[in-house]
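One structure below.
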Amino acid sequence: MIQMKKKWIFTIILSFSFASTFACDICGCGVGSYYLGILPQFNKRFIGLRYQYKTLTTHISPDGQTSYLTSDEKYQTAELWGGFNFGSKFRLLYFIPYNFNERQSIELSGSKNGLGDVAFMGYYNLLDKKQTLGSSLLVQSLWVGAGIKLPTGKYEPLEKDLVDESPNNFQLGTGSTDFTLNAAYDIRLMDFGVDVNLNYKINTNNRYDYRYGNKFTTNALAYYKFRVAKTLTIAPNAGVLYETSAQDTEEKIYKIDVSGGYSLSLIGGLEASFNRFSVGGNYQNVASQNLAGGSVKAGDRFLIHASVAF
């Protein structure tokens with residue numbers, strides 16, 4: 001029995017390691033980034049608020065030097081999000097973001113505030129399994145599905161020409177209807193678990209014949225639940241977030257050099273739940289990146305949220 005427990009623990013660790021090797025608009029800043037992480041626990045529905053903070057530095061030379069063209073950009077998002085369970089097999093998540101974009105440079109500074117692109121993600125419960133391993137309980141769940149992102153955020157076609165050789169990232173929306181393929185897997189042995197999310201975003205041309213590159217995002221988080229009294233649960237977590245994007249295209253054939261790339265971030269966070277209420281947050285340290293051919297550098301990010309199940 002002890003050997004069987006060790007086998008399952010090894011399987012959990014292996015799942016975490018495999019997910020981290022899987023392979024945006026730039027690095028998840030700006031438009032069209034949907035980080036999930038560990039969802040709040042809910043039986044029927046939940047609603048909540050999230051706040052995300054991200055930074056980006058553009059116009060960096062190959063040797064890392066800045067110039068008068070260098071721009072420091074800040075992306076903040078206040079987001080209404082929630083979910084509905086329809087029976088035990090179907091789930092719908094929704095995201096309604098409000099973006100606050102700021103840019104500072106010698107040549108060009110300014111800000112943009114407004115509604116971002118609203119998105120919906122539908123899931124089907126492919127696996128929901130509980131089994132005992134000796135005196136321990138092993139729980140697994142797998143949700144798969146698809147989603148749609150609507151062009152509700154304002155897209156300004158002249159933005160990409162304001163600053164030469166700068167990514168077309170300083171937008172409130174993409175101006176296009178886009179689609180996602182999603183999967184969420186959770187495996188837990190008693191109070192230790194691993195949560196894995198995968199998202200592939202398929203972008204389309206907007207009305208100005210600009211198309212953001214398709215993006216793949218995955219994150220894997222290991223967590224442990226500490227149960228305090230009967231109603232409070234605290235779950236520290238740590239893991240990785242990997243994002244990679246193809247280059248943008250214009251007029252269906254022209255590749256945009258200052259676009260695409262990848263970033264790998266290390267995540268540390270804390271989740272807490274009390275009866276129907278959940279709060280949490282995490283810090284994302286960008287450990288490795290190659291964005292827009294090295295002309296763009298992403299800074300560390302953080303996220304906080306609060307929600308209620310009803």
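Some points to look at:
- For region 206-310, the spherically averaged projection of the C-alpha convex hull amounts to 8.9 nm².
- Largest-first principal axis extents, alpha carbons of region 156-256, Å: 58, 23, 21
- Using the 1.4 Å probe convention, the accessible area of region 65-189 works out to 46 Å² per residue with neighbouring protein chains retained.
- Of ILE256, ILE202, ILE106, ILE187, the order by accessible heavy-atom surface (1.4 Å probe, DNA, RNA and ligands excluded), from most exposed downward, is ILE106, ILE202, ILE256, ILE187.
- Cross-linked pairs LYS74/LYS149; LYS129/LYS149; LYS89/LYS112: Cα-Cα separations exceed 29 Å for LYS129/LYS149; LYS89/LYS112.
- Percent carbon-and-sulfur accessible area, the chain, ignoring ligands, DNA and RNA, probe 1.4 Å: 61 percent
- Per residue, the Cα convex hull of the chain amounts to 128 Å³.
- Sparse-neighbourhood loop sites, chymotrypsin sites (Phe, Trp or Tyr not before Pro) in region 73-155 - DSSP loop, at most 14 other Cβ within 10 angstrom: none
- Loop-resident trypsin sites (Lys or Arg not before Pro) (DSSP state other than H, G, I, E or B) in region 152-221 with no more than 13 further Cβ atoms inside 10 Å of their Cβ: ARG207.
- Placing a pseudo-label 7 Å from each Cα along the Cα-to-Cβ vector at SER111 and SER67 gives an inter-label distance of 2.9 nm.
- The Cβ shell under 11 Å around ILE202 holds other residues with a net charge of +3, Lys and Arg each +1, Asp and Glu each -1.
- Environment charge of LEU181, counting only residues whose C-beta is closer than 13 Å and scoring Lys/Arg +1, Asp/Glu -1: +2
- Separation in nanometres of the label points that stand 7 Å from Cα toward Cβ, at TYR53 and ASN285: 1.7 nm
- Within the full protein context, the accessible area of GLU251 is estimated at about 100 Å² for a probe radius of 1.4 Å.
The values are calculated or read from the model by the stated rules, or taken from the named source; none is laboratory data. None of these values were measured; they are calculated from a predicted model. Cβ: placed from backbone, ideal geometry, glycine included. Neighbour counts: every protein chain shown. Accessible surface areas use protein heavy atoms only, side chains included; no ligands, DNA or RNA. Shrake-Rupley method; radii C 1.70, N 1.55, O 1.52, S 1.80 Å.
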